[in-house]
Protein chains: 2
Amino acid sequence: MKQILMMSSSRKGTQGFLAHADDQVHAVLSDRVKSVLFIPYAGGITFSYDEYEARVKPTFDRLGYALESIHHHKDARAAVEQAQAVVVGGGNTFVLLDRMYNAGIVGLLRERVNAGMPYVGWSAGANVVCPTIRTTNDMPIVEPPTLKALNLIPFQVNPHFISGKPAGHNGESREERLAEYLAINPDERVVAIPEGTALHVQGENATVLGEFDAVHFKQGGVVDKLATGGTFALTSI
Amino acid sequence: MKQILMMSSSRKGTQGFLAHADDQVHAVLSDRVKSVLFIPYAGGITFSYDEYEARVKPTFDRLGYALESIHHHKDARAAVEQAQAVVVGGGNTFVLLDRMYNAGIVGLLRERVNAGMPYVGWSAGANVVCPTIRTTNDMPIVEPPTLKALNLIPFQVNPHFISGKPAGHNGESREERLAEYLAINPDERVVAIPEGTALHVQGENATVLGEFDAVHFKQGGVVDKLATGGTFALTSI
């Protein structure tokens, strides 16, 4: 059964790295998983993959999962083939997707996660689970071969969701951006997840985890709350 | 001589639509221009092209320029060929570029502006002047055939520049995004323009217009002010 944890962010408010997420990670990885393969491709831009791994590893050590980054493997595809579970970190979504295509692991990851390999991702690592990365908040600092992504769920997710906009600034609010998204893509659907909130996909259903509700953006500016603790069918979105 | 006005935004603070920009627009269009062709492609997503035109037209009427939108022309290429000047409005940069490619006007606009047809753009309309749109702040709600844009200047511009990030939110600051941009694109350069500020390109030079300085982001986190009122060579960036 498909097991995916899509976290909005690695931090909630002023809490430490993944400090809010212990129960969320355990819920997805379960007792069967002893080691996880870390995919640091969204980072490693202004710091190294080694540094990114060193930042993430203590959290997974504490939770009882040995973590190793894919950049230590000569053959990225073989690493994904042999992984018990994957953990995909945040950073820049365009860079993540571009490097996943360069490593040749997009189709393989899709197959393995569809076949039941647990997947944990936050921020950019949650965005690439969607059909495309067209609901990312990130700057397109590189141009991937396509914006099509893992397509493991049938709707788009917007991580780091925050309502409104800073006073005195004339960029669009997130709500305006997502309303434009749905106006120009009338057959698509979007679930926005505030920082600290996650979606736990199990097979054909998803449960909202965390303190805050998720927000379901529909056509015509209609917005529904998806209450935390609640479960919905992926196809109901 | 190339004449381009790249405005950060259509509004400055709480001022009305283009209210800050009278002198900036006059400086570029000059007495020779009597009518301008409006390109509304970045908007017209949650409202119509007619509405967008109606919002922009009074400003150009007041300044003495007749404005007509390209969507009234059956042949978009002929409209660009015959235009005295073009005005490219803001909205979503990905949608703007995608629609410009669909209309077949990217190469033609480049030729005409390089040959001296004045170009006025704000926000998305400023972003597409650059080599690519990879320094936009917008959500990639559509996927254009390429992120390569008009390439009328040799560096990237980041409009709506604002320093820092909202308290309690863990997305990247604009400075962090641009530092990542330069880290992964070491041969490129970025000029960020705060709301209310514009670059006036004349031939091979540009002048900073408006109340606030522009900000020149260089490799390694080095940042220089480009003082308002000052002129620099495009190739010095």
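Which residues in the stretch B:81-96 place their backbone N less than 16 Å from a point set 7 Å from the Cα of B:Glu111 along the Cα-to-Cβ direction?
B:81-84
What FRET efficiency, computed as 1/(1 + (r/R0)^6) with R0 = 35 Å and r the Cβ-Cβ distance, is obtained for B:His26 and A:Ser163, rounded to the nearest 0.05?
0.35
What are the trypsin sites (Lys or Arg not before Pro) within the stretch A:8-54 that DSSP puts in a loop, where the Cβ has at most 13 other Cβ atoms within 10 Å?
A:Arg32, A:Lys34
List every residue whose amide H lies under 5 Å from the amide H of B:Ala214, counting only residues 5 or more places away in sequence or on a different chain, with H placed 1.01 Å from N in the peptide plane.
For B:Ala214, the qualifying residues are B:Leu226, B:Thr228.
Would you calculate, for the protein assembly as shown, the mean residue ellipticity at 222 nm contributed by helices, counting each DSSP H stretch of 4 or more residues as -39,500 (n - 2.57) and dividing by all residues, to the nearest 500?
-8000 deg cm²/dmol
In nm, one decimal, shortest first: how far is the label point of A:Pro186 (7 Å from Cα along Cα to beta carbon) from the matching points in the other copies?
4.9
Would you please give the residues with an amide H less than 5 Å from that of A:Ser123, counting only those at least 5 places away or on a separate chain, with H modeled from the backbone geometry?
It is A:Met7, A:Ser8, A:Ser9, by chain and number.
To the nearest 20 debye, what is the magnitude of the charge dipole of the stretch A:117-237 about its Cα centre, counting +1 on the Cβ of each Lys and Arg and -1 on the Cβ of each Asp and Glu?
80 debye
Taking θ as phi - 60°, what are the ³J(HN,Hα) couplings along the stretch A:226-237 by the Karplus curve (6.51, -1.76, 1.60), each to the nearest whole Hz, with x for Gly and Pro?
Karplus-based 3J(HN,Hα) across the stretch A:226-237 equals 10, 5, 4, x, x, 10, 9, 6, 4, 7, 7, 7 Hz.
May I ask you to evaluate 6.51 cos²θ - 1.76 cosθ + 1.60, the Karplus curve with θ = phi - 60°, for each residue of the stretch B:29-46 and list the ³J(HN,Hα) values in order in whole Hz, giving x for glycine and proline?
7, 6, 6, 5, 8, 10, 9, 10, 9, 8, 10, x, 4, 6, x, x, 10, 9
Using the Karplus curve 6.51 cos²θ - 1.76 cosθ + 1.60 with θ = phi - 60°, what ³J(HN,Hα) values do you get for each residue of the stretch B:147-158, in whole Hz, with x for Gly and Pro?
For the stretch B:147-158, the Karplus curve yields 8, 5, 10, 6, 6, 8, 10, x, 9, 8, 10, 10 Hz.
Would you mind telling me which residue in A:Ser35, A:Ser123, A:Ser173 has the biggest mean-square fluctuation in a Gaussian network model of chain A, where springs connect alpha carbons within a distance under 10 angstrom?
Result for chain A, Cα springs under 10 Å: A:Ser173 fluctuates most.
Of the candidates B:His20, B:His72, B:His160, which one comes out as most mobile in a Gaussian network treatment of chain B with C-alpha springs shorter than 10 Å?
B:His72
Relative contact order of chain B, please, whole-number percent, based on alpha carbon pairs below 8 angstrom and at least 6 residues apart.
23 percent
Let me spell out the model: positive unit charges on the Cβ of Lys and Arg, negative unit charges on the Cβ of Asp and Glu, origin at the Cα centre of chain B. What dipole size does that give, in debye rounded to 20?
Computed about the Cα centre, the dipole is about 200 debye.
Set the Förster distance to 60 Å, then compute FRET efficiency between A:Ala233 and B:Lys225 from the Cβ-Cβ distance, nearest 0.05.
0.65
Quick one: which residues, 5 or more positions from A:Asn158 or on another chain, have an amide H under 5 Å from its amide H? H modelled 1.01 Å from N in the peptide plane, none for Pro or chain starts.
A:Val191, A:Ala192, A:Ile193
Quick one: grab the alpha carbon gyration tensor of the protein assembly as shown, order the square roots of its eigenvalues as a ≥ b ≥ c, and give me rounded if a/c is under 1.5, else prolate or oblate depending on whether a/b is larger than b/c.
Note, shape of the protein assembly as shown comes out prolate.
Go through the stretch A:1-50 and name the chymotrypsin sites (Phe, Trp or Tyr not before Pro) that are in a DSSP coil and have 15 or fewer other Cβ atoms within 10 Å of their Cβ.
Passing both the DSSP loop test and the Cβ count: A:Phe17, A:Phe47.
How far, in nm to one decimal, is A:Pro145 from itself in the other copies if the label point is set 7 angstrom along Cα toward Cβ? Shortest first, please.
When each copy's label point is compared with this one, the spacings are 2.0 nm.
Considering every residue in B:138-151, what mean count of other chain Cβ atoms within 10 Å of its Cβ is obtained?
Mean inter-chain Cβ contacts per residue within 10 Å come to 5.
Mind checking the dipole of the protein assembly as shown: about its Cα centre, +1 per Lys or Arg Cβ, -1 per Asp or Glu Cβ, Debye to the nearest 20?
With Lys and Arg at +1 and Asp and Glu at -1, about 260 debye.
Between the stretch B:75-135 and the stretch A:42-95, how many Å separate their Cα centres?
41 Å
Where a number appears in this text, it was derived from the coordinates with a stated rule and is not lab data. Since we're looking at a predicted model, the values are computed, not measured. Cβ: placed from backbone, ideal geometry, glycine included. Neighbour counts: every protein chain shown.
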